[in-house]
Amino acid sequence: MSRERQTSHRVELPDHGLALSKPQSRRKILQKAGGVIAAGAFGAVPLRGWAADTINIGGLYPTTGSMAQIGVGCVAAAKMAAEMVNEAGGIKSLGGAKLNVIISDIQSDTTVTRTETDRLINGNKLSAIHGCYASALTLIASEVCERAKVPIITGSSSDQLNKGRKYTFTPFARASQFAQAQLQMSKLVSDKPKVAVIFENTAFGTSTSNGLKEQAPGEGVEIVMFEPYSAGFTDASPLINKVKASGANTLFAISYLNDLILIVRTVKQVGLDIAINGGSGGFTMPDFYKNVGTAAEGLQGVAHWNHDVNDDAQKVSERFKQVYGTFAFEYAGSIVAQTFMLADAMERAASADPQKVRDALSTLDASSGYAAMGPGSRVKFGPEGKNVYGRPVGVQWQNGDLVSIFPKEDARAPVLKT
Amino acid sequence: MLETVAQAVINGLLIGGIYALVSIGVTLIFGVVKIVNFAQGEFVMIGMYLSFYLATQFGLDPLLSLFVTMPALFAAGVLIQHFLIRRVLGPNDMPQIFLTFALSLLLLNLALMLFTANYRTVHTSYSDAALHFAGLYVPVAKLIAFVVAMALSGALWVFLHTTDLGKAMRAAAQNRDVATLMGINPNRVFAVAFGAALALAGAAGSLLMPFYSAYPFVGQVFVLMAFVAVVLGTLGNVIGALVASLMMGVAESLGIQFVGADSGLIVVFAMLLLTLALKPTGLGGGRVR
């Protein structure tokens, strides 16, 4: 039997080359056909005069690498936002011109971000760019945009983005505002907040915790424990044991996801009656609740956008749910708002020229519609490109939903005391 | 105060049980096969992902998945010993070191590719539960893990001391050449030892899953402690590794409690240095048991 198969195989061998050439030629035909279609869609048609009817916006997001999970959601939001603008008639002052988002994968890497931003600007006629969600990447993209004189709008919170930049616009709360909001939130739980701050002993942990420490006296918040810990521990029990001994009634954990999950679970196990605020970070993502389950209930944090801050935000979130399967997380929602800010600027500039779009952005003052659907409900940029009405929103996981609880103006539910 | 100390000791013992499962595997392989398995942590990681997928795809409780992860990793261990380790056993140590190190890197990067760097957790009914008594608490998931870890360590000890294969293993550990002259087939003994060590790593993975997150680098966290425990308890000494693991868990916990939350490991390593300075052969007295 086996010999038979061997011989038949050997007989077939000369044919093999011929057999192979068939799929090859098929592939070639496909390639040619694809090329023709692609040329029709992207190359030839604009030459026939479509160019005036579409406005290119660049979207810089990591869709591969360590930050891909959030990046992919951002891309879905960016495409949905352009659709929304186009469905509403596009840019009317430009004859109903449609927005076209050109996405570039910056691979969660700073070097790639620099080259991809360059490539995106040089290879396309862009009116503006939005991205990159992660501050470390946005800082680089912003530098490139400043040099190329193309406006970039971003939800990233680093205060550095507002230093000496002319083409960078940050319509949402800054990192320095997050610490203040967090301290104020501790007063929701207790009149006399006694806060334990535990932070991982890294640059991120140290700088964030120092921000909290500096602002605490001004906010009338007492810090009863201030303790660095080694990131990536195997067991949070000894640390939580210490928190318990400190007599704190609020816990600020400045930690990455894995440590935070351990901390939250251990607090539950100890049966410690303490409010946990995880600051800003990955735990505002829908995935977090899916992973951690009910242990996430009652966990507080701060975000630059939340899906329930007003009716427009809720509408956006509903639509995003149909596209992506989850509520609009903070970056997704902020990208939709940013797209509408760009559309507003283009409408007023009646131009797709990046310089004119930039100038129109700098005089933007929106207090209604999707552009203003963030906390603060108004966008007006100061000289540093910072939204003067921007503020963070305090959020809490309640019954599997991320609910806005702070400040009063944005609160959609009372704080859940755990 | 006394309550705080007692709680710190409980916390330390419970996590020490997990360290023990990993370190016993390392010490068993070193004692019998005479190689250092740098990839031991990655097998814990594989055990965790196996448990995770069995739990999320088939609804199998992570603790019950022990009955899958242990045989699966035992088989993997036998195959690795037979097809890889056996070929580099010789007078030169370097190929062995490179082999297990390469295995570690390969598994780590494969995991990154297949599972991505995301954290995966399994939520069980007992994940957040704890027993409370006299102002102290014992998390249920960790208590189960500790009890099972001790039972498995005990079972291994009984196996090594009462069965022919176990005795053959100890004989091969004491003197490979003489053991071979006595009619012991070293390849068979090595394969079983490697398999048993990996089965323990798999068990550690399943036991961790109810209260710890799985991610590709998770093995690195535990293997560091395992290596310290192995040296502390004398290389190749199973009882030594067990005792050292529990001691380290307690030392780490007390260190975090009374020195500083970023100093837990400092206490552990200080303990290691002190032991090596005063008793260079380790707490096991240099005896391979």
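Nothing in this text is a laboratory measurement; each read-out follows from the coordinates by a stated rule. Keep in mind the model is a prediction, meaning the values are calculated, not measured. Using ideal geometry, Cβ is built from the backbone for each residue, glycine included, and neighbour counts are taken over all protein chains shown.
Given region A:122-210 reduced to its alpha-carbon atoms as identical point scatterers, what log10 I(q)/I(0) does the Debye formula return at q = 0.26 Å⁻¹?
Debye intensities relative to I(0), on a log10 scale: -1.27.
How tilted is helix A:311-324 with respect to the longest principal axis of chain A? Cα atoms for both, answer in degrees (0 to 90, nearest 10).
Helix A:311-324 sits roughly 50 degrees off the main axis of chain A.
Which angle between 0 and 90 degrees, to the nearest 10, do you get for helix A:330-349 versus the longest principal axis of chain A when only C-alpha atoms count?
Roughly 70 degrees, rounded to the nearest 10.
Before anything else, pin down the relative contact order of region A:266-418: Cα pairs under 8 Å, at least 6 apart, normalised by residue count, whole percent. It would help to have the intermediate numbers written out before the result.
Numbers: 258 pairs, mean separation 38.2, N = 153.
Once divided by the residue count of region A:266-418, the mean separation gives 25 percent.
For A:N100, what is the net charge nearby, where nearby means another residue's Cβ is under 15 Å from its Cβ and Lys, Arg count +1, Asp, Glu -1?
Values: positive: A:K79, A:K98, A:K125; negative: A:D53, A:E83, A:E87.
Cβ neighbours under 15 Å give a net charge of 0.
Hey, got the Cα dimensions of the protein assembly as shown along the principal axes, in Å, largest first?
94, 86, 42 Å, listed from the longest principal axis down.
Using a Gaussian network model of chain B with C-alpha springs under 10 Å, which one of B:M94, B:M225, B:M70 is most mobile by mean-square fluctuation?
Most flexible of the set in this elastic network: B:M94.
Compute the long axis of helix B:2-33 from its Cα atoms, compare it with the longest principal axis of the Cα atoms of chain B, and write down the angle in degrees, 0 to 90, nearest 10.
20 degrees
For region B:91-142, what D do you get in µm² per second when you plug the Kirkwood radius from alpha-carbon pairs into Stokes-Einstein at 20 °C and 1.002 mPa s? Intermediate results must be reported in sequence, preceding the final value.
Numbers: Rh = 15.1 Å.
My calculation gives 142 µm²/s for D.
Mind checking the dipole of the protein assembly as shown: about its Cα centre, +1 per Lys or Arg Cβ, -1 per Asp or Glu Cβ, Debye to the nearest 20?
Working: 55 positive and 47 negative charges, 322 e Å.
Here the protein assembly as shown has a charge dipole of around 1540 debye.
Relative to 2.2 N^0.38 Å, what does the C-alpha radius of gyration of chain A come to as a ratio? Two decimals please.
On the way: Rg = 25.5 Å, N = 418, 2.2 N^0.38 = 21.8 Å.
Compactness ratio reported: 1.17.
Name the residues whose placed amide hydrogens come within less than 5 Å of the amide hydrogen of A:F169, ignoring near sequence neighbours (fewer than 5 apart) on the same chain.
Residues meeting the criterion, in which the H sits 1.01 Å from N, are A:I152, A:I153, A:T154.
Lys and Arg at +1, Asp and Glu at -1: add these up for the other residues within a Cβ distance under 14 Å of A:K187 and post the number.
Working: positive: A:K192, A:K194, A:K408, A:K417; negative: A:D191, A:E219, A:E222.
Summing Lys/Arg as +1 and Asp/Glu as -1 gives +1.
Can you bin every Cα-Cα distance in region B:17-219 into 5 Å intervals starting at zero and give me the percent of pairs per bin, rounded to whole numbers?
Computed distribution, short to long bins: 1, 8, 15, 19, 18, 14, 11, 7, 4, 2, 1, 0.
Tell me, what HN-Hα J-couplings in whole Hz come from the Karplus equation 6.51 cos²θ - 1.76 cosθ + 1.60 at θ = phi - 60° for each residue of region A:92-109, using x for Gly and Pro?
Each residue's phi maps through the Karplus curve to give 5, 5, 10, x, x, 4, 8, 7, 10, 8, 9, 8, 10, 7, 9, 6, 6, 9 Hz.
Report the charge-dipole magnitude of region B:17-219 in Debye, nearest 20, computed about the Cα centre from +1 at each Lys and Arg Cβ and -1 at each Asp and Glu Cβ.
On the way: 9 positive and 6 negative charges, 74 e Å.
Result for region B:17-219 is approximately 360 debye, rounded to the nearest 20.
Within 9 Å, Cβ to Cβ, of A:E200, how many net charges do the neighbouring residues add up to if Lys/Arg are +1 and Asp/Glu are -1?
Values: positive: none; negative: A:D259, B:D262.
So the environment of A:E200 carries a net charge of -2.
Take every DSSP beta bridge whose two residues both sit in the protein assembly as shown, then give the antiparallel share in percent to the nearest 5. Before the final figure, lay out the partial values.
Numbers: 18 of 52 bridges.
Beta bridges within the protein assembly as shown, antiparallel portion: roughly 35 percent.
Please list, ordered by chain and number, the residues whose modelled amide H lies under 5 Å from the amide H of A:D105; skip anything fewer than 5 residues away on the same chain.
When sequence neighbours closer than 5 places are left aside, there are no close amide H contacts.
From Cα pairs below 8 angstrom and at least 6 apart in sequence, can you work out the relative contact order of chain A, rounded to a whole percent? Walk me through the numbers on the way to the answer.
Numbers: 787 pairs, mean separation 64.0, N = 418.
It rounds to 15 percent for chain A.
May I ask what percent, to the nearest 5, of DSSP beta bridges between residues of chain A are antiparallel?
Working: 13 of 47 bridges.
Here the antiparallel bridges make up roughly 30 percent for chain A.
Normalised by the number of residues in region B:17-219, what is the relative contact order in percent for Cα pairs under 8 Å and 6+ residues apart? Working shown, then result.
Working: 302 pairs, mean separation 96.2, N = 203.
Computed value for region B:17-219: 47 percent relative contact order.
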